[in-house]
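Okay, so here's the structure we're looking at.
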Amino acid sequence: MIRHIVMWKFRPGTEPEQEQFLHNLRALQGVIPELVSSEVGRNVNGGEYDAALVSEFRTFEDLETYKNDPRHQAVSALCKSIRVDRVAVDYEVL
């Protein structure tokens with residue numbers, strides 16, 4: 001199993017777009033077959049990043065398929081337009 005974790009820092013003044021992005025990201029669950037599970041949430045304790053995604057895939061190939069899926073690409077494009085920073089880590093769950 002592959003765990004994919006992403007965190008974003010959003011540009012101030014983009015709150016409606018942020019909510020749309022997070023909603024659209026959650027909506028990918030059950031739509032893209034390679035996405036085994038996902039959790040999306042806002043940071044409630046302040047700090048460096050505003051929101052995070054924790055998702056799981058069976059293989060690294062499934063993760064790449066997800067990243068290249070047009071539905072994910074559309075959600076990602078919205079994110080790119082409102083973020084100021086992004087960090088990600090992928091690792092194998094043992």
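The values are calculated or read from the model by the stated rules, or taken from the named source; none is laboratory data. Nothing here was measured: the structure is a model prediction, and the numbers come from that model. Neighbour counts are summed over all protein chains in view; Cβ atoms, including those assigned to glycine, are modelled from backbone coordinates with ideal geometry. Accessible surface areas use protein heavy atoms only, side chains included; no ligands, DNA or RNA. Shrake-Rupley method; radii C 1.70, N 1.55, O 1.52, S 1.80 Å.
As a rough guide to protection, the peptides 81-91, 62-72 ranked by mean Cβ packing within 10 Å, highest first, stand as 62-72, 81-91.
Out of the total accessible area of the chain (probe 1.4 Å, heavy atoms of protein only), what percent is carbon and sulfur?
52
Per residue, how much accessible area does the chain show when a 1.4 Å probe rolls over the protein heavy atoms, in square angstrom?
I get 59 Å² per residue for this part.
Listed by number, the DSSP H helices of the chain that run 15 Å or longer by alpha-carbon position along their axis and have mean Kyte hydropathy of at least 0.0 are 70-82. By the helix-only formula, in which each DSSP H run with n ≥ 4 contributes -39500 (n - 2.57) and the sum is divided by residues, the chain has a 222 nm mean residue ellipticity of -11000 deg cm²/dmol. Relative contact order of the chain, please, whole-number percent, based on alpha carbon pairs below 8 angstrom and at least 6 residues apart. Across the chain, relative contact order equals 49 percent.
Using a cut-off of 12 Å between beta-carbons, work out the net charge of the residues near Glu15 (Lys and Arg +1, Asp and Glu -1, Glu15 not included). Charge balance in the 12 Å sphere: -1.
Using 0.36 nm per residue of separation minus the Cα-Cα distance, give me the extension gain between Lys67 and Ala27 in nm, one decimal.
12.9 nm
Each 10 Å bin from 0 upward holds the following percent of the Cα-Cα pairs of the chain: 16, 52, 28, 4, 0. Of Val40, Val75, Val31, the residue with the greatest mean-square motion in the GNM of the chain, using alpha carbon springs below 10 Å, is Val31.
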